[in-house]
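All remarks here apply to the structure that follows.
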Amino acid sequence: MTYELFGNTYIFLHPEWLWLLAVIPLLWLPLLWRRQRLAVLAGAALLRSLAVVLIAAALAGLSRQSIRSEHKLALVAAIDVSDSISAEGRAWTQEYLTRLLRNLEPDDEFAALAFAANTHLLVPPGAPTGVALSPEMFKPPTPEEGAGTNIARALERALALYPEGAEKRLLLITDGNETTGAAKQHLALARQMGVKIFPVIPPSGQHPEISLEKFVVPPLVREGSVFSLRLVVRNGNDTPVRGSATVLANEQLLTRQQVNVEPGLSVLDIPAQILQRGNYLLRAEINATPDTIEGNNRQHATLAVAGKVRALVITDRTQTHLARALQMKEVEVEFRRPEGLPTQLTDLLDYNCLVFDDIGRGNITPQQMATVESYVRDFGGGFLMAGGIRAFGDLGFKNTAIERVLPVTLREQRPKKKKRTPIALFLVIDRSNSMGYNSKVRGLHDGQKMQYAKKAAIELVNQLQDTDLAGGIAFDSEPYLLTNLAPLAEIRTELTDKIARLQYGGGTDFYAALETAADQLARTRGVIRHIILLTDGDSNRTPADHFPLVASIAQRQISITTIRIGLDTVNLQLLSYMSEKTGGRFYHVEDVEALPQLLIKDTKQALNEKDDEDEGPKEIIPRVGQRGQILQGLTDFPSLDEYMLTKAKAGADIQLYTDVHAEQDPLLATWQYGLGKVVVVTFDPSGRGSSEWIRWDGFSKFWSQAVRWAIRNETAWDYRLSAHIRGERVVLRAESYDTDEEGVLQLRLPSGAQSEQLTLMPVAPRLYEAALPGKRQGSFPVTILKRKNGQVVNQKHELVMVSHSLGDALNEYRQQHPNRDLLRELAESTGGQIDPAPAELIAQQREGKKTLIHPLDNTLITISLFLLLSDIALRVLFGPVV
């Protein structure tokens, strides 16, 4: 028989003894015939009845029944005390563990450890009774103990605390934001050991605040140059805040600026300048209110400051305009003659850029040219070649390593015809009756003047190019449009056919014809606008009628050439006036046979050409192609008198060109060749043909920007050094800019009168590290040596400052929300549950149940004896009651 009472289970093992309860009524019978002292009698009967009940229960085997696991429960609590856990979360953790301990049974086993970057044991494995929790257990680690959250290390330590033969459960109190390690790597071992993980996330209690998320510095800058420092700031407040951004270099103030930080993420670009070369430890701080956590307002970065840009200029002239321009822009220039061009690569690697300033092939050897090619292609050196006929004219560099490096191919400098401006020509032809007479024989009406006028017009049209524009109009007393103004490629045949079919007859009035021609020409752009008027001079209008029209034509920049045919002098002054006022020419032609050559000559004069069409260009106007960094801030490029013909290679960027010839010829061409950048300028920066450039205000800026675009910011002998504290060691890191990874990089440390030499070990491409002996603080000198084939090929002396590694500590503050995905995976992979209440954690179904019987007979007999003694005492005190 089993009964539930007050949450406990009771059972009678021998229920047949319960018949003894039948004697209880007999104990109350005396009350029926005794009327005195009823209270005493009732009390005695009650005591005897209770004693009988207890004796009957004892004889019936009344026992308490419980169900327990065959194994005891072993519970380990791993408690996150890193900086990402708020004060509210720490107090909540203590209260949670207190409630948990109350639910554990005495036979269970409990242990607790705290973790951040490292772990330490709070409660060793043992019975849960007597465990006392205090706020001191949940304090965050000190800076010496290390910042960050390493859940993997906590799991590894916790799994080693479980006894054999126990049911194992792991309580993981954390936000799941691990900054080092990988917690999931211990899941396989947890499953193998049968450990169920129960993650619990404490309340965050986070408040909006200001934090410095990133501090970005360039890897290397030049001494004296102005560079930009970038701070990425997070403002967790709902409104903008006013504050200051401070940057220290080797603990000395570099710059401080007042800033206004908008809500959310803001990017602050702060200019800075360092005047002395070396390696610097920069520390950026952002200060603003309201702010809760000070620890996330700082970040460190290392900066290498190199010397000025070094350019090796190969030239036959010690003082050139190019060299002077570079020196004005703080470029350190070294001059060498062509025969001094280095033959060994190590000699070139000391320079950021190599410049050929108008030099020819001369005695430069193939080995020297191959060294230049390797310097550019394999080591990222900059190369600039500028010059005139000496550099590009003799083709000495044709099919050499130098030409392979250039973005252009060299060509023979053959003169080319100038690309002229197109002409828009309107022919206005007199077809009146007077054009039917002979120019030599007075009175002969044989159509000679008309015949030669048509012949001259047709020959002129055939001399023009397809890109020229032409139109025609004939007139007598009325105008007759032959063709509208259009490109000759479209109307040449039509125009010549209509001119050939012209017949003379009618009066003479060229006013309307001129007006029509001028109106069509006025609508053209980018051409030479010109009218040729062929007439024998007769007109039905007075000269004064034409003056307003002539003034209008001149104002529209249209020139008129008038050709008066015949011996008479009618209207000579009017026709001459028309030409003079519009910038044209006037011809009085008595022999019409000269008309064809006259028209062609006049048109050439209008085009500003001489009879010799092979004459080269006199003025070259640079035009912008692909505007890049070299042309930044530059406009209004001066004209040139000469340049060298080259042809751009595929992949080259033509930043300046000229179209003085039919095609685009490069004046400034750039490209990337291997790791290096190459610039070609196809005119002599110090030559006569560049006189306008030399006087130009942007001359120095142009050449400086060309060199700075081409240079490799770092030479092969530059290093970016930093020293960080890792645990109890100081580790020196060297970032090399040498693409040749052969050889050994070594470190020399002064130690009293002696020096200690260490080998830097590669940890990544061009990245080396070495652990330094002893403890170091502040700054200390080092010497970096590069050895190759047992020889020292380069060494540099530097000053390095030690910094603490803040990466993990800052990550603590960047994690704004719990990593539920990680914690859910830890729970589900091991059969646990996320965020259980303390009672739920203990009440989880245990494996291997067994029923325990706890007999109560001793207790019941003891109580019954007490009741019987009480009955006896009652009778002694108040006399016999029966």
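The values are calculated or read from the model by the stated rules, or taken from the named source; none is laboratory data. A quick note: this is a predicted structure, and the numbers were derived from the prediction, not measured. Virtual Cβ from ideal backbone geometry, glycine too; neighbours counted across all protein chains shown. Note: areas computed on protein heavy atoms with side chains; ligands, DNA, RNA excluded. Shrake-Rupley method; radii C 1.70, N 1.55, O 1.52, S 1.80 Å.
Could you say whether any residue in the range 128-142 is over 15 Å from Ile85 (Cα atoms) and not in a loop (DSSP other than H, G, I, E, B)?
For the range 128-142, residues over 15 Å from Ile85 (Cα atoms) and not in a loop (DSSP other than H, G, I, E, B): absent.
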inquiry  = Looking only at the range 495-525, filter to residues that are over 24 Å from Asn540 (Cβ atoms) and not in a helix (DSSP H, G or I); which one of those is most open to solvent (accessible area, probe 1.4 Å)?
reply    = Arg525
query = Looking at the range 107-121, which of the residues that are part of a loop (DSSP other than H, G, I, E, B) and open to solvent by 40 Å² or more (accessible area, probe 1.4 Å) is modelled with the highest pLDDT?
reply = Asn118
ask   = Consider Thr292 against the criteria (1) in a loop (DSSP other than H, G, I, E, B); (2) of a type outside the set (D, E, K, R); (3) modelled with pLDDT of 90 or more: it satisfies all of them except one. Which criterion is unmet?
value = (3)
Number of the condition not met by Leu758 [criteria: (1) of a type outside the set (D, E, K, R); (2) under 26 Å from Val221 (Cα atoms); (3) modelled with pLDDT of 85 or more] = (2)
task = Please list, ordered by first then second residue, the pairs with beta carbon atoms under 7 Å, 6 or more apart or interchain, first in the range 6-32 and open to solvent by less than 70 Å² (accessible area, probe 1.4 Å), second of a type in the set (A, V, I, L, M) and assigned to a strand (DSSP E or B).
result = Tyr10/Leu62; Phe12/Leu62
remark   = Residue hits (the range 339-357; in contact (Cβ under 8 Å) with a residue 40 or more places away in the chain, open to solvent by 10 Å² or more (accessible area, probe 1.4 Å) and charged (D, E, K, R)) are Asp350
Residue satisfying condition, being among the hydrophobic types (A, V, I, L, M, F, W, C), assigned to a helix (DSSP H, G or I), surrounded by 13 or more Cβ atoms within 10 Å (Cβ to Cβ) and modelled with pLDDT under 85, within set Leu874, Leu826 = Leu874
message = With the requirement that a residue be more than 24 Å from Arg390 (Cβ to Cβ), modelled with pLDDT of 85 or more and part of a helix (DSSP H, G or I), what does the range 683-721 give you?
response = Lys701, Gln705, Trp709
request  = Within the range 179-200, track down each residue that is surrounded by fewer than 21 Cβ atoms within 10 Å (Cβ to Cβ), touching a strand residue (DSSP E or B) at 6+ places or on another chain (Cβ under 8 Å) and among the aliphatic types (A, V, I, L, M).
outcome  = Met193
remark   = Checked the range 122-134 for anything open to solvent by less than 70 Å² (accessible area, probe 1.4 Å) and under 17 Å from Gln94 (Cβ atoms); matches are Leu122, Val123, Pro128, Val131, Leu133, Ser134
key: Positions within the range 550-566 being open to solvent by 10 Å² or more (accessible area, probe 1.4 Å) and over 14 Å from Val428 (Cα atoms), in sequence order   = Ala551, Ser552, Ala554, Gln555, Arg556, Gln557
request  = For Ala160, state whether it is open to solvent by less than 30 Å² (accessible area, probe 1.4 Å) and among the small types (Gly, Ala, Ser).
outcome  = no
ask   = In the range 210-218, is there at least one residue being part of a strand (DSSP E or B) and open to solvent by 30 Å² or more (accessible area, probe 1.4 Å)?
value = yes
query = Scanning for something open to solvent by 20 Å² or more (accessible area, probe 1.4 Å) and in a strand (DSSP E or B), does the range 418-431 turn up at least one residue?
reply = no
Unmet criterion (only one of (1) buried (at least 19 other Cβ atoms within 10 Å of the Cβ); (2) touching a Lys or Arg at 6+ places or on another chain (Cβ under 8 Å); (3) part of a loop (DSSP other than H, G, I, E, B)) for Ser82 = (2)
remark   = Cβ pairs under 9 Å, 6+ apart or interchain, first in the range 548-572 and at positive phi, second among the hydrophobic types (A, V, I, L, M, F, W, C) and open to solvent by 10 Å² or more (accessible area, probe 1.4 Å), ordered by first then second residue, are Gln557/Ala522; Gly566/Val589
ask   = Applying the selection to the range 619-633, what residues are surrounded by fewer than 17 Cβ atoms within 10 Å (Cβ to Cβ) and either in contact with a Gly (Cβ under 9 Å, 6 or more places away or on another chain) or among the hydroxyl-bearing types (Ser, Thr, Tyr) (or both)?
value = Gly633
request  = Check the range 417-425 and report whether any residue there is closer than 16 Å to Leu598 by Cβ and over 58 Å from the mean Cα position of the chain (by Cα).
outcome  = no
key: Qualifying residue in the range 448-463 (condition: under 15 Å from Thr603 (Cβ atoms) and polar (S, T, N, Q))   = yes
key: Subset of the range 373-396 [of a type in the set (Val, Ile, Thr) and either open to solvent by 50 Å² or more (accessible area, probe 1.4 Å) or under 19 Å from Ala323 (Cβ atoms) (or both)]   = Ile389
key: Single residue of the range 526-545 satisfying the filter (within 60 Å of the chain's Cα centre (by Cα) and over 20 Å from Asn462 (Cβ atoms)) that is most open to solvent (accessible area, probe 1.4 Å)   = Gly526
message = Quick check on my filter: what residues within the range 446-458 are over 16 Å from Leu482 (Cβ atoms) and open to solvent by less than 80 Å² (accessible area, probe 1.4 Å)?
response = Asp446, Gly447, Gln448, Lys449, Tyr452
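To keep it simple, each residue is scored yes or no on (1) among the basic types (Lys, Arg); (2) surrounded by fewer than 13 Cβ atoms within 10 Å (Cβ to Cβ); (3) assigned to a loop (DSSP other than H, G, I, E, B); (4) over 60 Å from the mean Cα position of the chain (by Cα).
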| site | (1), (2), (3), (4) |
| --- | --- |
| Leu444 | no, yes, yes, yes |
| Ala470 | no, no, no, no |
| Ala489 | no, yes, no, no |
| Thr493 | no, yes, no, yes |
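Any idea how many residues of the range 309-353 are within 26 Å of His797 (Cβ to Cβ) and either in contact with a Phe, Trp or Tyr (Cβ under 8 Å, 6 or more places away or on another chain) or at pLDDT 80 or above (or both)?
18
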Neighbours by Cβ (under 7 Å, 6+ apart or cross-chain): first from the range 115-141, more than 14 Å from Ala154 (Cβ to Cβ); second among the charged types (D, E, K, R) and open to solvent by 40 Å² or more (accessible area, probe 1.4 Å) = Pro140/Asp83
